[in-house]
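The values are calculated or read from the model by the stated rules, or taken from the named source; none is laboratory data. Keep in mind it's a predicted model, so treat the numbers as computed, not measured. Note that each Cβ is placed from the backbone with ideal geometry, even for glycine, and that neighbours are counted across all protein chains shown.
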(Lines give C-alpha, C1' and ligand atoms only; values in the text may rest on other atoms or scores of the structure.)
Protein backbone atom coordinates (compact mmCIF):
# COMPACT_ATOMS: atom_id res chain seq x y z
CA UNK A 1 0.00 0.00 0.00
CA UNK A 2 2.86 2.39 0.76
CA UNK A 3 4.19 1.87 -2.76
CA UNK A 4 0.91 3.14 -4.22
CA UNK A 5 1.00 6.18 -1.93
CA UNK A 6 4.59 6.93 -3.01
CA UNK A 7 3.53 6.73 -6.67
CA UNK A 8 0.65 9.15 -6.10
CA UNK A 9 2.70 11.59 -4.02
CA UNK A 10 5.62 11.32 -6.48
CA UNK A 11 3.25 12.05 -9.34
CA UNK A 12 1.85 15.11 -7.59
CA UNK A 13 5.36 16.37 -6.77
CA UNK A 14 6.53 15.81 -10.35
CA UNK A 15 3.45 17.55 -11.75
CA UNK A 16 3.89 20.57 -9.44
CA UNK A 17 7.60 20.77 -10.28
CA UNK A 18 6.85 20.63 -14.01
CA UNK A 19 4.40 23.53 -13.62
CA UNK A 20 6.95 25.59 -11.66
CA UNK A 21 9.69 24.83 -14.21
CA UNK A 22 7.29 25.48 -17.15
CA UNK A 23 7.68 21.98 -18.62
CA UNK A 24 4.11 20.81 -18.01
CA UNK A 25 3.16 20.87 -21.68
CA UNK A 26 6.12 18.68 -22.62
CA UNK A 27 5.55 15.91 -20.06
CA UNK A 28 2.80 13.38 -19.63
CA UNK A 29 1.56 11.85 -16.41
CA UNK A 30 3.99 8.92 -16.56
CA UNK A 31 6.98 11.24 -16.89
CA UNK A 32 5.62 13.40 -14.05
CA UNK A 33 5.50 10.33 -11.79
CA UNK A 34 9.03 9.32 -12.81
CA UNK A 35 10.35 12.85 -12.22
CA UNK A 36 8.61 12.98 -8.84
CA UNK A 37 10.00 9.64 -7.69
CA UNK A 38 13.53 10.39 -8.88
CA UNK A 39 13.14 13.84 -7.31
CA UNK A 40 12.18 12.14 -4.06
CA UNK A 41 15.39 10.15 -4.08
CA UNK A 42 17.43 13.20 -5.13
CA UNK A 43 15.81 15.41 -2.49
CA UNK A 44 16.21 12.71 0.14
CA UNK A 45 19.91 12.58 -0.69
CA UNK A 46 20.59 16.32 -1.06
CA UNK A 47 18.49 17.92 1.69
CA UNK A 48 20.23 16.23 4.65
CA UNK A 49 23.58 17.27 3.15
CA UNK A 50 22.60 20.93 3.56
CA UNK A 51 21.07 20.40 7.00
CA UNK A 52 17.39 20.23 6.04
CA UNK A 53 15.58 17.26 7.48
CA UNK A 54 11.87 17.47 6.68
CA UNK A 55 10.88 14.41 8.64
CA UNK A 56 8.75 11.51 7.55
CA UNK A 57 5.19 11.16 6.51
CA UNK A 58 3.40 11.97 3.31
CA UNK A 59 3.79 15.75 3.60
CA UNK A 60 7.52 15.50 4.29
CA UNK A 61 7.94 13.19 1.30
CA UNK A 62 5.87 15.52 -0.90
CA UNK A 63 8.01 18.55 -0.05
CA UNK A 64 11.24 16.55 -0.40
CA UNK A 65 10.15 15.08 -3.73
CA UNK A 66 9.04 18.50 -4.99
CA UNK A 67 12.38 20.11 -4.15
CA UNK A 68 14.26 17.20 -5.69
CA UNK A 69 12.07 17.24 -8.81
CA UNK A 70 12.67 20.97 -9.29
CA UNK A 71 16.42 20.38 -9.00
CA UNK A 72 16.15 17.48 -11.47
CA UNK A 73 14.21 19.57 -13.99
CA UNK A 74 16.69 22.41 -13.54
CA UNK A 75 19.50 20.01 -14.45
CA UNK A 76 17.52 18.72 -17.45
CA UNK A 77 16.93 22.32 -18.60
CA UNK A 78 20.64 23.08 -18.31
CA UNK A 79 21.58 20.04 -20.34
CA UNK A 80 18.92 20.33 -23.05
CA UNK A 81 18.68 24.09 -23.46
CA UNK A 82 21.93 25.40 -22.04
CA UNK A 83 20.16 27.67 -19.57
CA UNK A 84 18.46 27.30 -16.20
CA UNK A 85 15.13 29.04 -16.92
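For the range 56-73, give me each residue that is loosely packed, with under 14 Cβ neighbours inside 10 Å and modelled with pLDDT of 80 or more.
none
State all residues of the range 2-33 that are within 20 Å of residue 81 (Cβ to Cβ) and either at pLDDT 80 or above or outside any helix (DSSP H, G or I) (or both); if no residue qualifies, say none.
Residues satisfying the conditions are 14, 17, 18, 19, 20, 21, 22, 23, 27, 28, 31.
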